[in-house]
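Every number in this text was worked out from the coordinates using simple rules, so none of it is lab data. Predicted, not measured: the structure shown is a model, and the values here were computed from it. Every residue, glycine as well, gets a Cβ built from its backbone with ideal geometry; the counts of neighbours run over all protein chains shown.
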Amino acid sequence: MPGRLEGKVALITGAARGIGKGHAEIFAEEGASVVVSDVLVEQGEEVAAQLREQGHNAVFQKLDVSSEADWAAAVEAATANFGKLTTLVNNAAIFNNSGVDELLLDDWNKVIAVNLTGVFLGMKAVLPELEKSGNGAIVNISSLYAIIATDGFAAYHASKSGVRMLSKATALRYTRRGVRVNTILPGNVVTPAASTLTEEENAAILKLVPMGVRGQPSDVAYGSLYLASDEARYVTGSELVIDGGWSLP
Ligand SMILES: NC(=O)c1ccc[n+]([C@@H]2O[C@H](COP(=O)([O-])OP(=O)(O)OC[C@H]3O[C@@H](n4cnc5c(N)ncnc54)[C@H](O)[C@@H]3O)[C@@H](O)[C@H]2O)c1
């Protein structure tokens, strides 16, 4: 049986670990050729090598999402290796838990550069190729923190809610140009980033999650799989919350 992403060529950012790596694995299993990209070169190379060992098409490309030149090189790598580019998952992000009064301007700028400007640069860089493919899809990984507030994470909240409207505006602009743009809002997912929290911090978050368990990278990637596949051909500008019910109460 053909995979759900057979014939697709997907560029995934922040794919050396965590949720991005989960995407690379599931997208490759479903038949996509995958450009694994990250600033972590060694780990990213390993992910791509592992996928190739399993018989999938995968290459690694170093890509700092805040660099326009890196984006141009990544699009070039995709088309040079696989002949086209159909799919982008904007997953890379950085975290900062400071509240507005304690946040330094430099740290604000860093978070916005990666989490929001990175998504803008990425969409801008890939859209010509996606449009050319006639059947392109972009999935932007935002966060539950785009719709609920905490008293910290000021820059992160702002960047992730910016991604929501940037996605919708781009979705609307490309409705008749063969590219769909959708957003995923994950809740609490087990990744290297989340493992920087203390046991107490994780336990406090878990108390807020009605299902009482943390999500896995694959829980997010399966949502993206649907949105990136042709099964979602009538879906654009939508938002999929994957949070174990955290946003319900
Ligand atoms: N883990 C969670 O609980 C959670 C919750 C909500 C949303 N998210 C979102 O999911 C996505 C993945 O998060 P994660 O938990 O897997 O994080 P992670 O830190 O484990 O992985 C993020 C990856 O992005 C890469 N990266 C960082 N800066 C980069 C840059 N400038 N250019 C390219 N790559 C860069 C990192 O090297 C890393 O490999 C992020 O967008 C995050 O905001 C995560």
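What does the charge count around ALA73 come to, taking other residues whose C-beta lies under 15 Å from its C-beta (Lys +1, Arg +1, Asp -1, Glu -1)? Walk me through the numbers on the way to the answer.
Details: positive: LYS62, LYS124; negative: ASP38, ASP64, GLU68, ASP70, GLU76, GLU129.
So the surrounding residues net to -4.
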Quiz item: Where does the Debye-calculated log10 I(q)/I(0) of segment 4-45 sit at q = 0.24, 0.29 Å⁻¹, using only Cα point scatterers of equal weight, no solvent?
Solution: -0.69, -0.92
Quiz item: What angle, in degrees between 0 and 90 and rounded to the nearest 10, separates the Cα long axis of helix 68-82 from the longest principal axis of the Cα atoms of the chain?
Solution: 40 degrees
Exercise. Provide, for q = 0.10, 0.11, 0.13 Å⁻¹, the log10 of I(q)/I(0) from a solvent-free Debye sum over equal Cα point scatterers in segment 157-249.
Key: -0.33, -0.39, -0.53
Self-check item: Net charge of neighbours whose Cβ lies under 15 Å from the Cβ of LEU225, counting Lys and Arg as +1 and Asp and Glu as -1
Solution: -2
Practice problem: Calculate the dipole size of the chain relative to its Cα centre from +1 charges on Lys and Arg beta carbons and -1 charges on Asp and Glu beta carbons; express the result in debye to the nearest 20. | Solution: 1040 debye
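Per-residue ellipticity at 222 nm for the chain, helices alone: DSSP H runs ≥ 4 residues times -39500 (n - 2.57), over residue total, nearest 500 deg cm²/dmol? All intermediate terms of the calculation are to be shown ahead of the outcome.
On the way: 8 runs with 105 residues, N = 249.
The helix contribution divided over the chain gives -13500 deg cm²/dmol.
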Exercise. Treating the angle as unsigned and between 0 and 90°, give the value, to the nearest 10°, between the Cα long axis of helix 217-228 and the longest Cα principal axis of the chain.
Key: 50 degrees
Quiz item: When you count, for each residue, the other Cβ atoms within 10 Å and take the mean per peptide, how do 10-19, 99-108 rank with the highest first?
Solution: 10-19, 99-108
Practice problem: With everything on Cα atoms, drop me the angle between helix 41-53 and the longest principal axis of the chain, reported from 0 to 90° to the nearest 10. | Solution: 50 degrees
Quiz prompt | Two-decimal log10 I(q)/I(0) for segment 18-174, as the Debye equation yields it once each C-alpha is a single scatterer, q = 0.17 Å⁻¹ | solution = -1.01
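Roughly what percent of Cα-Cα pairs across segment 90-211 reach past 17 Å?
Cα-Cα pairs in segment 90-211 separated by more than 17 Å: 60 percent.
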Quiz prompt | Contact order relative to length of segment 43-99, as percent, for alpha carbon pairs under 8 angstrom and 6 or more apart | solution = 19 percent
